[in-house]
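The values are calculated or read from the model by the stated rules, or taken from the named source; none is laboratory data. The model shown is predicted, which means the values in this text are computed figures rather than measured ones. A quick note on method: Cβ atoms are made from the backbone with ideal geometry, for glycine too, and the neighbour counts reach across all protein chains shown. Only protein heavy atoms, including side chains, enter the accessible area calculation; ligands, DNA and RNA are left aside. Shrake-Rupley method; radii C 1.70, N 1.55, O 1.52, S 1.80 Å.
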There are 2 protein chains.
Amino acid sequence: MQSTGFFRPSEQAIIRIRRALAFFALVVIGAMGMRLSGWAARPGEELFVQGVPGKLAACASCHGPHGEGGGQGAYPRIAGQPAAYLEAQLKAFRDGGRSNPLMSPMVAALSDEDIAAVAAFLEREHPPFAAAPNADQSRLTRGQSLVALGRWDLGVPACTSCHGSALQGVAPAIPALAGQSSQYLSTQLYAYKSGERPAGPLALMGRIAHGMSSEDIGHAALYIASLPSGASPQIPRPAAPEAYIAKAQAPDTFVPPPEAAIPDGPYGELVRLGQSIFEDTPKYGAPYAGNTLSCRNCHLDRGRDPKSSPMWAAYVHYPEYRKKDGLVNTIQMRIQGCFRYSQNGTVPEADSRELTALVTYFYWMASGLPVGVKPRAAGYPKLDAPKEPPSPERGAKVYASSCAMCHGEDGLGRSGGAQQVFPPLWGPQSFNWGAGMHQVDRAAGFIKTSMPFGAGGTLTDQQAWDVAAYVNSRPRPPDPRFTESIEKTRELYHADHEYDYYGREVDGLVLGAPGPVEGRGKGR
Amino acid sequence: MQSTGFFRPSEQAIIRIRRALAFFALVVIGAMGMRLSGWAARPGEELFVQGVPGKLAACASCHGPHGEGGGQGAYPRIAGQPAAYLEAQLKAFRDGGRSNPLMSPMVAALSDEDIAAVAAFLEREHPPFAAAPNADQSRLTRGQSLVALGRWDLGVPACTSCHGSALQGVAPAIPALAGQSSQYLSTQLYAYKSGERPAGPLALMGRIAHGMSSEDIGHAALYIASLPSGASPQIPRPAAPEAYIAKAQAPDTFVPPPEAAIPDGPYGELVRLGQSIFEDTPKYGAPYAGNTLSCRNCHLDRGRDPKSSPMWAAYVHYPEYRKKDGLVNTIQMRIQGCFRYSQNGTVPEADSRELTALVTYFYWMASGLPVGVKPRAAGYPKLDAPKEPPSPERGAKVYASSCAMCHGEDGLGRSGGAQQVFPPLWGPQSFNWGAGMHQVDRAAGFIKTSMPFGAGGTLTDQQAWDVAAYVNSRPRPPDPRFTESIEKTRELYHADHEYDYYGREVDGLVLGAPGPVEGRGKGR
């Protein structure tokens, strides 16, 4: 049956009446909540708590006196959210980008200044979380897996990848999930999934919710709501590991063993340590970490994603001769290269516990993959040559619209609390001029298939080439192989690649020249 | 048709007449060869060159003035052969163990002393080799492969394994092949194959020739005859490597890539270096070698043989937790263990060129084998528990009859020239008390399936247990993990195995006690 909504004016009338009633109720509740004591006027606070006659908003009536949420979870927690996120949502409600029978009329009369004031007030509020409701443990565990690991086969990254390791949100655009009720979270995911709520920046949440089943949504929402204040979702560890027997698999349809198959005991512990180092190199690989990047930043889904040089594919084609150092590289030597260049760090000894843990993690991931048969997934996808030579100028525009939200206009990445959530793409905390990713072709292949994170494949090939050229024509830490001069170093190590900005002059600066690299962080 | 030889006296008569004629001819030739100058009588020389009337032998008539062989290759080179081998052959001709129409009557009248004198004289003669006849290069290459590598799938070990790296022979029982004509070599191999020549000690040559086709025999004989004096057969290296594409294989029917598939370039070179270290550890792994053993001594067919802990099987199941050191071992760490214990040597750094070469060789051998799926061939075969507890006393007898020919009555192995051909099983140049092979069960499994070399499977299970007990109740270098006392060390590292002689008293000596280990060589 086709919808015949166009011929039912009576329904629309009903909605209007409902909205009016709700509005009236809220105004009454708001008025009852007014404090009689004088205001120690913080900007936005009065508007938030009391509302202002003629402007009407009295947010605290529903969202709680400190924005902690209310109505048994019907009204979301809005305290501690990035101000820019709140502003964007309030303007969307006001201007029609989002529609909600309660919110839209409530904010209709607010000026941009009012909105900015409320948002700025709320960003600094940190009321305690409500106690989590009881929930079935098996549903929580399944939710935990989604939140901490995602389901890349369905295009669902871990929630923590963007919302931060404690789901604390990342200014400016990414809201905190921590402290939200499961009811609110699942409602929003459904709204994203159905298209009722706009898909969000770069349509990311629309895509992600689309990949989630109703069960997934329910489990993830329950789990997030169960977290106490400040808790980080951890990778779930089953009471007893899944019985898993590695079997031979074809290289081009390979699927690594499931997370739950990591066994107990010293071997499994080392696999887990390797996974932790891969996931948070500055923390777990601290003695060797030279910047705030982690292995997973370039090898998505913690090295499992077949589109971003998966570690299972690497494991089976080393030892291999590498022109880069003129040596046959063991897998250990290959990883040492990542520490030296991509990590701009200190090379771990071949038999250090950290390097052994990484090798063991890769080995475990490769279970069932034939030795010495290079899977098609090995390395990064190769793009066809660009139609137009890559242009940093065009790339800057792509960057501004598609990358800056997460990586920052300054390319320095973004943090949630102390933790680096989105990696720096240039500047002192990024990979150095020796890393593979500084080559424009390599970066373009990666960007095309994997960026924006969670929305890979949405840029055109030319856009990927251009933005790769932009990113790789910015300053970054020096090439550790520096010999004699920039010219000599370029000749020795950078002459092979058509698009390699090392030693070129951009904006009056010779790229790769010694000296401190601008931006936050120590530089090396 | 059945043989009816019993009813053909006329044939036997013909043979007798032929022998008599041949004998007569030889005496005439021998007399013509007599020197008129006086003898600087070296024992056996006169008999060899002139013959002695009434005793009749005048070996030089056919075998050349210095035993270099003659008759266009019809008469073998007998110079430089181990005296004991020559004695055994001469006695066999005399007493009927071997039969030859020329040789048998020639030596019929020789006493044991005559034979010993001729043999001792010949052992010290080293006349130059005859020039090798021209031969087709492709046949030589195929022969080279057989001689230097063998064909283990057909039960044919490399000729060099027993006859020495330059085929120089190994006293007492194993003749030199170097300098023989292709005609003689192929005749003997056919004779072994048909049973016309007795199968030799432990029936080894009978078995080996049985595995060789007529073509194999022809190629091997041609190649050996082509070698100049002192040359060692090298592993053949094809002009262009065989086009080989590694494909996934099932773990339990795995076949490593063929030798000819080792590619050119730095990767192939490292594979070859690994292979060389594996084959001759004291030479190619010199900085780390602590005794005269090589990896191939315990891992036959250069680590390929599925019955003696093949290296391809090992490669795919490391990293793995090992109770021995309480650590997850990478393949590098596992190999380091071999250097520490089996090699009684110095542990190579995890990223040393030698260790990397071995890992690369193993990786290459494992091409197509799935990661993390332990092949049934991994490790050494396990024997059922022995019916009788293993007895070193019974084992000593098995050893004397089945092992001493190659490994020596003193267990110290045997050399051909400077090179260790058969490995020492105890004493200062053997594996130490920390090596896996010192465990009687491990050794018994290996011995049962792989020993005597080239005749695996011929001992009973009980014999294998007994001889393993005998070998492993002899003195050997100390356990490098020695802590406090023999008792303490036994408690820490030797308590788990039912049959482990460490710390036990045998023949009045406490095994494992510090102090020099008797036998040749330095000890450690």
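Amide hydrogen proximity for residue A:329: with H placed 1.01 Å from N in the peptide plane, the residues at 5 or more positions away or on another chain lying under 5 Å are A:320, A:321, A:322. Determine the shape class of segment B:449-501: with a ≥ b ≥ c the square roots of the Cα gyration tensor eigenvalues, call it rounded for a/c under 1.5, and otherwise prolate if a/b is greater than b/c, oblate otherwise. The shape class here is prolate. Suppose we compare each residue of segment A:308-324 in its chain alone and in the full protein complex with a 1.4 Å probe; which ones drop by at least 30 Å² of accessible area? Those residues are A:315, A:319, A:321. The simple Förster model, with R0 at 60 Å and r as the Cβ-Cβ distance, assigns residue A:171 and residue B:243 a FRET efficiency of 0.55. Dipole size of segment A:429-524 about its Cα centre, with +1 on Lys/Arg Cβ and -1 on Asp/Glu Cβ: approximately 480 debye, rounded to the nearest 20. The chymotrypsin sites (Phe, Trp or Tyr not before Pro) of segment B:158-257 meeting both criteria, a DSSP state outside H, G, I, E and B (loop) and at most 15 other C-beta atoms within 10 angstrom of the site's C-beta, are B:244.
Using a simple charge model, +1 on the beta-carbon of Lys and Arg, -1 on the beta-carbon of Asp and Glu, nothing else, what dipole does segment B:122-161 show about its Cα centre, in debye to the nearest 20?
For segment B:122-161, the charge dipole is close to 120 debye.
When shorter helices are ignored and each DSSP H run of at least 4 residues is given -39500 (n - 2.57), the per-residue value for chain B at 222 nm works out to -11500 deg cm²/dmol. Per residue, the solvent-accessible area of chain B (1.4 Å probe, heavy atoms of protein chains only, all protein chains present) comes to 45 Å².
Treating each Cα of the protein assembly as shown as an identical point scatterer and summing with the Debye formula, the log10 of I(q)/I(0) at q = 0.05, 0.06, 0.09 Å⁻¹ comes to -0.49, -0.64, -1.06. If you take the alpha carbon atoms of segment B:338-402 and fit the smallest convex hull around them, that volume is 180 Å³ per residue. Helices of chain B meeting both criteria, an alpha-carbon length of 27 angstrom or more along the long axis and an average Kyte-Doolittle score not below -0.5, with helices taken as full DSSP H segments, are B:9-33.
Heavy-atom surface analysis with a 1.4 Å probe gives the protein assembly as shown a carbon and sulfur content of 56 percent of its accessible area. Between A:281, A:375, A:482, the Cα set farthest toward the positive side of the dipole of chain A (charges on each charged residue's Cβ, about the Cα centre) is that of A:375.
Axis-proximal residue of chain A for the rotation onto chain B, reported as residue and distance in whole Å: A:350, 2, based on Cβ position. Every Cα-Cα pair in segment B:57-142 was counted, and those over 15 Å apart are 61% of them. Shape class for segment B:303-344: oblate, because the ratio a/c of the largest to smallest gyration tensor axis (alpha-carbon atoms, square roots of eigenvalues) is 1.5 or more and b/c is at least a/b. Shape summary: segment A:279-320 maps onto an equivalent ellipsoid whose semi-axes, from the alpha-carbon gyration tensor, are 21, 13, 7 Å in decreasing order.
With an a/c value of 1.5 or above and a/b not larger than b/c for the gyration tensor axes a ≥ b ≥ c computed over the alpha-carbon atoms, segment A:474-514 is described as oblate.
Evaluating 6.51 cos²θ - 1.76 cosθ + 1.60 at θ = phi - 60° for every residue in segment B:73-79, the Karplus couplings come out as x, 6, 9, x, 5, 10, 5 Hz, glycine and proline recorded as x.
Annotation: chain B has a Kirkwood hydrodynamic radius of 25.2 angstrom, from the mean reciprocal C-alpha pair distance. Charges were assigned to the Cβ only: +1 to each Lys and Arg, -1 to each Asp and Glu. The resulting dipole of segment B:53-104 about its Cα centre is roughly 100 debye.
Each Cα pair under 8 Å and six or more residues apart adds its sequence gap; the mean of these over the residue count of chain B is a relative contact order of 11 percent. Taking amide H atoms as placed 1.01 Å from N in the peptide plane, the amide H of residue A:369 lies under 5 Å from those of A:249, B:371, each 5 or more residues away in sequence or on another chain.
Measuring with a 1.4 angstrom probe and ignoring ligands and nucleic acids, residue A:99 comes out at about 90 Å² accessible. Interface size, chains B and A: roughly 2400 Å² of accessible area buried, both sides included, 1.4 Å probe, rounded to the nearest 100. Reported to the nearest whole Å, the Cα centre-to-centre distance from segment A:412-485 to segment B:195-225 is 65.
Simple rule: put +1 on each Lys or Arg Cβ and -1 on each Asp or Glu Cβ in segment A:168-258, find the dipole, and look at A:233, A:245, A:222; the Cα lying farthest toward the positive end is A:233. Taking all protein chains as shown and a probe of 1.4 angstrom, residue B:91 keeps an accessible surface of around 60 Å².
Which one, B:362, B:161, B:513, is farthest towards the positive end of the dipole of chain B when Lys and Arg carry +1 and Asp and Glu -1 on their Cβ? So the residue we want is B:161. For segment B:350-378, state which residues have at least 50 Å² less accessible area in the presence of all protein chains than in their chain by itself, taking the probe as 1.4 Å and leaving out ligands, DNA and RNA. The answer is B:363, B:371.
Note on residue A:292: accessible area approximately 40 square angstrom, rounded to 10, probe 1.4 Å, nucleic acids and ligands left out. Segment A:309-345 and segment B:265-333 have their alpha-carbon centroids 22 Å apart.
Of the trypsin sites (Lys or Arg not before Pro) found in segment A:278-375, those in coil by DSSP whose Cβ has at most 10 other Cβ atoms within 10 Å are A:323.
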